[in-house]
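Written below as structure tokens is the structure these notes are about.
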Amino acid sequence: MTGGDAGCIEGRMSNAIEPSDRVADAPSDNWVYAALPRRLWPYAQLARWDRPIGWQLLMWPCWWSLALSANAVAVIDGAGLLRMAWYLVLFTVGAIAMRGAGCTYNDLVDHEIDNRVARTRSRPLPSGRVSRNQAKAFMVLQALVGLLVLVQFNLFAIVLGVCSLAIVAIYPFAKRFTDWPQFFLGLAFSWGALMGWAAIYASLEIAPVLLYAGSVLWTIGYDTIYAHQDKEDDALVGVRSTARLFGDRSRQWLAGIYAAAALCMIAAALAAGAGWPAHAGLAIAVAMLGWQIVTVDIDDADQCLVLFQSNHKVGWVVFMALVAGAAWNFA
């Protein structure tokens, strides 16, 4: 796959020549090649374990939603704090598992496209280092881990989590029928913004819905920046993206999209009754997004990757802002 897919984020080559059992579009100096047996490398590459930014970006909306829910709690005791801490762990494990399953699914869907592009031809499926049946079995295994995580929550959250599978199934095909595949990625990657709140309250209110909308817009923005790395290849193979759609007006589009994302997140904090430190922290996150808009060079692939990866820091800032808001309310 050559589109701007944050779910399957690619690193840039750190060496000019890669061994045949490495992938050309990923760094080779990571823990996968140091810690895992060589026979497991293709599976780690399918799951993108060597590129953690993908599961981190999938995790943040989950963590944000949990922190947002804490702002709406009148009183929280030690047991409540322990439950939230446990849920943070569950959402992290779930993000790693489901991001890996999603990337494996994407590679199965995009097998032929990847085989036609030099940058992706060395991936496990097009290079023949794993068969389609092996990839399918690995995808199911990862999905089962995700299911094991999901059933730890209440019934409402379980049903809500299952509903996300429809969007996940559609996403890999979106770049074939729309110029807005990043929107579908946002719908899938931001589902956690609903899940965290649902895990606590077994229901949804306007606050998590606003957070979800803000996260979808944030995803569209950062994945548009990412997609500019691959726009030439995308044009050659007929893959559509917001990077190609926006073109030279990407900066203006990003300004509007990020501004809308910020407004939705601020509105979510207000709806949840977050303390003033939450809004101060969100202002810092907005400034970080503004920095991306001002500095982005859509024709510099390496810089686009760096800016894309900086959204992990944005995730931290938003999370800590919401935690600070909840702490202020309890003080």
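Annotations
- Filter result for Y212 (in a helix (DSSP H, G or I), open to solvent by 20 Å² or more (accessible area, probe 1.4 Å), modelled with pLDDT under 95 and within 24 Å of T92 (Cα to Cα)): no
- Near pairs, Cβ below 7 angstrom, 6+ apart or cross-chain, from region 171-200 (among the hydrophobic types (A, V, I, L, M, F, W, C) and open to solvent by less than 10 Å² (accessible area, probe 1.4 Å)) to any residue that is modelled with pLDDT of 95 or more and part of a loop (DSSP other than H, G, I, E, B): W197/L204; A198/L204; A199/F153; A199/N154
- Filter result (open to solvent by less than 40 Å² (accessible area, probe 1.4 Å), assigned to a helix (DSSP H, G or I) and hydrophobic (A, V, I, L, M, F, W, C)) within region 120-142: A135, F138
- Residues (farther than 27 Å from A72 by Cα and open to solvent by 30 Å² or more (accessible area, probe 1.4 Å)) located in region 252-268: Q252, W253, A255, G256
- Test for I167: is it open to solvent by 20 Å² or more (accessible area, probe 1.4 Å), of a type outside the set (G, A, S) and either closer than 27 Å to N311 by Cβ or not in a loop (DSSP other than H, G, I, E, B) (or both): yes
- Qualifying position, being part of a helix (DSSP H, G or I) and open to solvent by 10 Å² or more (accessible area, probe 1.4 Å), among A243, A235, A227: A235
- Restricting the first member to region 278-302 and to residues that are over 16 Å from W64 (Cβ atoms), and the second to residues that are assigned to a helix (DSSP H, G or I) and open to solvent by 30 Å² or more (accessible area, probe 1.4 Å), the beta-carbon pairs closer than 7 Å and six or more apart or on different chains are I293/R251; I293/A255; V296/R251; D297/Q303.
- Of note, I284 satisfies the criterion of being surrounded by fewer than 22 Cβ atoms within 10 Å (Cβ to Cβ) and in contact with a helix residue (DSSP H, G or I) (Cβ under 6 Å, 6 or more places away or on another chain).
- Residue match in region 309-331 (condition: part of a helix (DSSP H, G or I), more than 25 Å from A70 (Cα to Cα) and open to solvent by less than 30 Å² (accessible area, probe 1.4 Å)): no
- Close Cβ contacts (under 6 Å, 6 or more residues apart or on different chains) running from residues in region 49-71 that are closer than 21 Å to S28 by Cα to residues that are at pLDDT 95 or above and among the small types (G, A, S) comprise W55/A95.
- Some residue of region 250-264 being under 21 Å from L58 (Cβ atoms) and in contact (Cβ under 8 Å) with a residue 60 or more places away in the chain: no
- Selection count, region 102-119, where residues are modelled with pLDDT of 80 or more and part of a helix (DSSP H, G or I): 9
- Failed item, numbered, when I298 is tested on (1) within 17 Å of W55 (Cβ to Cβ); (2) in contact with an Asp or Glu (Cβ under 9 Å, 6 or more places away or on another chain): (1)
The values are calculated or read from the model by the stated rules, or taken from the named source; none is laboratory data. All values reported here derive from a predicted model rather than from experimental measurement. Backbone-built Cβ (ideal geometry, glycine too); neighbour counts: all protein chains shown. For accessibility, only protein heavy atoms count, side chains too; no ligands or nucleic acids. Shrake-Rupley method; radii C 1.70, N 1.55, O 1.52, S 1.80 Å.
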